[in-house]
1. Pull out all pairs, ordered by first then second residue, where Cβ-Cβ is under 7 Å, the residues are six or more apart or on different chains, the first lies in region 347-362 and is within 20 Å of PRO66 (Cβ to Cβ), and the second is open to solvent by 10 Å² or more (accessible area, probe 1.4 Å) and of a type in the set (Asp, Glu).
2. Looking only at region 435-451, which residues are touching a Pro at 6+ places or on another chain (Cβ under 9 Å), over 21 Å from GLY142 (Cβ atoms) and open to solvent by 30 Å² or more (accessible area, probe 1.4 Å)?
3. Among the residues of region 394-410, is any at pLDDT 90 or above, closer than 19 Å to THR155 by Cβ, out of contact with any Lys or Arg (no Cβ under 9 Å at 6 or more places or on another chain) and of a type in the set (Val, Ile, Thr)?
4. Looking at LEU361, LEU381, LEU393, which one is part of a helix (DSSP H, G or I) and closer than 22 Å to ALA412 by Cα?
5. Just need a number here: residues in region 56-87 that are touching a His at 6+ places or on another chain (Cβ under 7 Å) and surrounded by fewer than 20 Cβ atoms within 10 Å (Cβ to Cβ).
6. So which of ASP104, ASP133 is over 19 Å from the mean Cα position of the chain (by Cα), closer than 25 Å to ASN212 by Cβ and among the acidic types (Asp, Glu)?
7. For ILE264, only one of the following conditions fails: (1) in a loop (DSSP other than H, G, I, E, B); (2) modelled with pLDDT under 95; (3) buried (at least 17 other Cβ atoms within 10 Å of the Cβ). What is its number?
8. Does ALA213 satisfy the condition of being modelled with pLDDT of 90 or more, assigned to a helix (DSSP H, G or I) and either within 20 Å of VAL93 (Cβ to Cβ) or in contact with a strand residue (DSSP E or B) (Cβ under 9 Å, 6 or more places away or on another chain) (or both)?
Amino acid sequence: MKPESAGKGRTETAWRVGRAPGALPVLGHVLPIARDPLGFLASLSAHGDLLEVRVGPWRGYVVCHPELVSQVLLDDRTFDKGGVIFEKAREFVGNGLVSCPHADHRRQRRLIQPTFHRDRMPAYAAVMSDHIDQVTGSWHDGQLIVVGREMYTVTAGVLCTSLFGTSLAETEISKLEDSVNDIMIGSARQILLPSWLHKLPTQARRRYVRANAHLSTVVHRIIDGYQSGSLDDVGMLSILLAAREEDGIGALSDTEVYDQVVTILLGGIDTTTEVLAGACHLLSRHPHIQHQLHTEVSAVLGGRAARLQDVPKLKMTGRVITETLRLYPPVWVLTRTVTRDTELAGQHLPSGTTVVVSSYLLHHRADVFADPDTFRPERWLTQASPRPSSGYLPFSTGARQCIGNDFGTIEATLALATITDRWHLTAPADTAPVKTVTRLVLGHRGPLRLHRRTALGDG
């Protein structure tokens with residue numbers, strides 16, 4: 001039987017298909033991936049458009065060309081959610097919207113989609129502004145902050161209040177952040193380790209198990225609180241629990257509701273947190289860009305917290321967010337499983353083959369983005385508008401595009417505008433450079449110093 005084609009594009013002889021360089025006997029590409037996964041991925045496009053990568057006995061194909069990536073992501077029947085990343089993610093998010101296979105996705109998305117309807121955005125944005133105002137207003141001149149932790153407080157507060165109708169105390173948010181961090185680090189580590197090592201009672205494994213248990217406790221408390229009537233009847237939980245069978249699509253079971261809550265909780269908090277942390281660190285190291293942002297936000301905000309109606313005027317702020325997402329996309333690598341024999345770039349892919357897609361790889365192609373490793377928000381004045389077909393893919397595309405991308409982008413814009421209107425950010429000279437952490441969600445670690453702008457005379 002002739003394999004089905006995954007899409008049209010170049011002629012088969014024009015595509016460059018092969019094996020990624022640097023593989024060792026038995027180990028494959030374990031060492032370069034473990035040493036520098038981002039550098040390894042970014043290097044691959046120079047060697048081909050579709051490259052086989054090996055990690056021990058495991059083999060998969062990394063898709064390096066934007067046109068091939070579009071073919072994969074737009075055909076979610078042939079290239080379904082699966083592979084090592086999603087197998088690991090299902091340990092803590094179950095069969096939620098992000099991790100579920102094609103067969104379950106349409107039903108789940110239809111039930112959840114009303115949560116993110118544009119008519120709800122004004123109410124959500126008001127909650128965002130309030131939380132951003134509270135957190136950034138509590139800072140003081142000269143303070144040294146861990147910006148990721150501060151932003152986690154903002155994003156966790158926003159999401160729990162707006163989507164789940166509840167609030168978490170600062171100590172609860174801190175403990176949740178630690179648990180999620182242990183889960184993300186533990187999952188990434190286990191993807192690279194042989195499966196027989198996963199169950200060994202190491203300290204890292206025990207942290208991973210404890211973190212999953214704590215996350216489960218938090219999610220059940222949120223759901224039980226709503227069902228008992230003690231939480232506000234707003235947002236996602238009210239939609240999920242009130243859903244009724246429609247057109248043969250049944251309402252979600254208790255397990256499915258749990259899976260959706262934990263999926264949105266993790267996806268909606270961690271990704272936006274890391275975008276904001278990355279943007280703040282980049283601004284601290286590019287003072288001329290930070291000055292441009294100060295000029296814009298002073299004219300638009302003048303000391304108050306940013307609001308939804310300000311977003312169209314915050315053009316420079318938007319470009320900084322867009323460029324941060326290009327340089328450091330939080331969801332930096334995805335895997336897909338081939339569900340039926342097919343061809344991609346002229347390469348036969350049997351059913352069960354794992355295909356790897358990396359937005360980080362695409363965003364660092366020099367033939368797509370000039371000077372790709374440099375932070376240049378001004379590129380978006382002349383660069384084609386951010387869209388998947390142009391090689392810009394921070395939110396995926398097709399039917400599996402991130403359902404909360406507008407929610408997260410608005411929140412990041414409001415937060416960054418408010419922060420830079422009130423504060424000038426610097427990297428302490430006596431600290432190590434910011435560290436990019438390759439967890440399941442790309443993270444940023446390092447302290448920043450706050451300087452009140454009125455104290456600097458530029459407010």
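The values are calculated or read from the model by the stated rules, or taken from the named source; none is laboratory data. Here the structure is a predicted model, which means the values were calculated and not measured. Virtual Cβ from ideal backbone geometry, glycine too; neighbours counted across all protein chains shown. Only protein heavy atoms, including side chains, enter the accessible area calculation; ligands, DNA and RNA are left aside. Shrake-Rupley method; radii C 1.70, N 1.55, O 1.52, S 1.80 Å.
1. LEU349/GLU343
2. Step one: filter region 435-451 for residues touching a Pro at 6+ places or on another chain (Cβ under 9 Å), giving 438, 441-443, 446-449.
If we keep only those that are over 21 Å from GLY142 (Cβ atoms) as well, we get 438, 441-443.
Once the filter is applied, which keeps residues that are touching a Pro at 6+ places or on another chain (Cβ under 9 Å), over 21 Å from GLY142 (Cβ atoms) and open to solvent by 30 Å² or more (accessible area, probe 1.4 Å), region 435-451 yields only THR438.
3. So far as region 394-410 goes, yes, one or more of its residues are at pLDDT 90 or above, closer than 19 Å to THR155 by Cβ, out of contact with any Lys or Arg (no Cβ under 9 Å at 6 or more places or on another chain) and of a type in the set (Val, Ile, Thr).
4. Numbers: LEU361 fails: closer than 22 Å to ALA412 by Cα; LEU393 fails: part of a helix (DSSP H, G or I).
Every option except LEU381 fails the conditions.
5. Looking only at that region, the number is 2.
6. Values: ASP133 fails: closer than 25 Å to ASN212 by Cβ.
So the residue among ASP104, ASP133 that is over 19 Å from the mean Cα position of the chain (by Cα), closer than 25 Å to ASN212 by Cβ and among the acidic types (Asp, Glu) is ASP104.
7. (1)
8. Values: modelled with pLDDT of 90 or more: yes; assigned to a helix (DSSP H, G or I): yes; either within 20 Å of VAL93 (Cβ to Cβ) or in contact with a strand residue (DSSP E or B) (Cβ under 9 Å, 6 or more places away or on another chain) (or both): yes.
Spelling it out, ALA213 is indeed modelled with pLDDT of 90 or more, assigned to a helix (DSSP H, G or I) and either within 20 Å of VAL93 (Cβ to Cβ) or in contact with a strand residue (DSSP E or B) (Cβ under 9 Å, 6 or more places away or on another chain) (or both).
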